[in-house]
1. Give the percent of DSSP beta bridges with both residues in the chain that are antiparallel, rounded to the nearest 5.
2. How many angstrom separate the Cα center of region 73-120 from the Cα center of region 210-228?
3. For the pair Ile195 and Glu232, how long in nm is the line joining their label points, each one 7 Å along Cα→Cβ?
4. Test of understanding: ordering Val137, Val118 by Cβ neighbours within 10 Å, fewest first, what list do you get?
5. How much length, in nm to one decimal, is gained on full extension between Arg92 and Tyr181, taken as 0.36 nm per residue of separation minus their Cα-Cα distance?
6. Explain nothing, just the number: relative contact order of the chain, from Cα pairs under 8 Å at least 6 residues apart, as a whole percent.
7. Restricting to DSSP H runs of at least four residues, report the calculated mean residue ellipticity at 222 nm for the chain, -39500 (n - 2.57) per run over all residues, nearest 500 deg cm²/dmol.
8. Can you work out the Karplus-derived ³J(HN,Hα) for every residue in region 121-132? Use 6.51 cos²θ - 1.76 cosθ + 1.60 with θ = phi - 60°, whole Hz, and x for glycine or proline.
Amino acid sequence: MRIHIFTLFPEMFQGPLDHSILGRAAAGGLLDLSLHNIRDHADGPHRSVDDYPYGGGPGMVMKPEPLFAAVESVLGSTSPGFPVVLLTPQGRQFTQAEAQRLATEPTVALICGHYQGVDERIRRHLATEELSIGDYVLTGGELAAMVVVDAVARLLPGVLGSAEAAAADSYATGLLQHPHYTRPAQFRGWSVPEILLSGNHEQIARWRREQSLRHTRERRPDLLQSAPLSEEERRLLNTPDQLTRDPSSTD
Ligand SMILES: C[S@@+](CC[C@H](N)C(=O)[O-])C[C@H]1O[C@@H](n2cnc3c(N)ncnc32)[C@H](O)[C@@H]1O
């Protein structure tokens, strides 16, 4: 998959995306990140990329010309036929479902804003969609773009050691995932649940599913409305204390 990133600060991407799973994905040719510096497309002696807002008020606004020129020099001036995403706190919420959707695209472009944001004509006539990584305001779109790249890249075939792992993650199943334990079986007096040491795969799978339901009911009950659940699971959820407790939990 190729991801074009349009930014005023390409150096911010060096480091976070070069290591671990994403670093290996790039080295293995599964992920091709192309960073484009918007300032390279600005005219004038100062290569200015921002200007005062019409109508007055605080802060600066990213000018349309450099961003249009940067995007069109790479993607062409006609609609590229793939998502050109403006990162903005005003966008649709970026979710696991959005990550799954973007992971099916061979190419995606991400536009990082800065300052007070981008000139409205960029939003209307250059971006094909807008995504927000949450209800808070960052100083720039770079961290948001990294979040999107990370969440999308780990879904690409071959990037994770096991595709099964991503399919069982929180949100991918419609629920939060069950708790995980590793060695030692005893740590500071807290034990790993007996069932996980039993070797009984059927019972372990049932226990994990119940923990997943319990976690979701406790932390994100809103997800249960649309989660794909059996009749039996809905009954268990609606009956107090029907789901097995994790003995090491203080919930
Ligand atoms: C300081 S913010 C601008 C916020 C804008 N004045 C507003 O109130 O909607 C600068 C840039 O950071 C990025 N940004 C900030 N928060 C974001 C979020 N939650 N999700 C995605 N991008 C975000 C966007 O690219 C935005 O153009």
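No value in this document is a laboratory result; all are computed from the given coordinates. In this text, all values refer to a predicted model and were calculated from it rather than measured experimentally. Neighbour counts run over all protein chains shown; Cβ positions are idealised from the backbone, glycine included.
1. Antiparallel bridges make up about 20 percent of those DSSP assigns within the chain.
2. Their Cα centres are 30 Å away from one another.
3. 1.3
4. Going from sparsest to densest Cβ surroundings: Val137, Val118.
5. Details: separation 89, 0.36 × 89 = 32.04 nm, distance 3.49 nm.
Stretched out fully, the Arg92 to Tyr181 stretch lengthens by 28.6 nm.
6. Relative contact order of the chain: 18 percent.
7. Numbers: 8 runs with 78 residues, N = 251.
The helix contribution divided over the chain gives -9000 deg cm²/dmol.
8. Whole-Hz 3J(HN,Hα) from phi for region 121-132: 5, 5, 4, 7, 10, 10, 6, 9, 7, 10, 10, 10.
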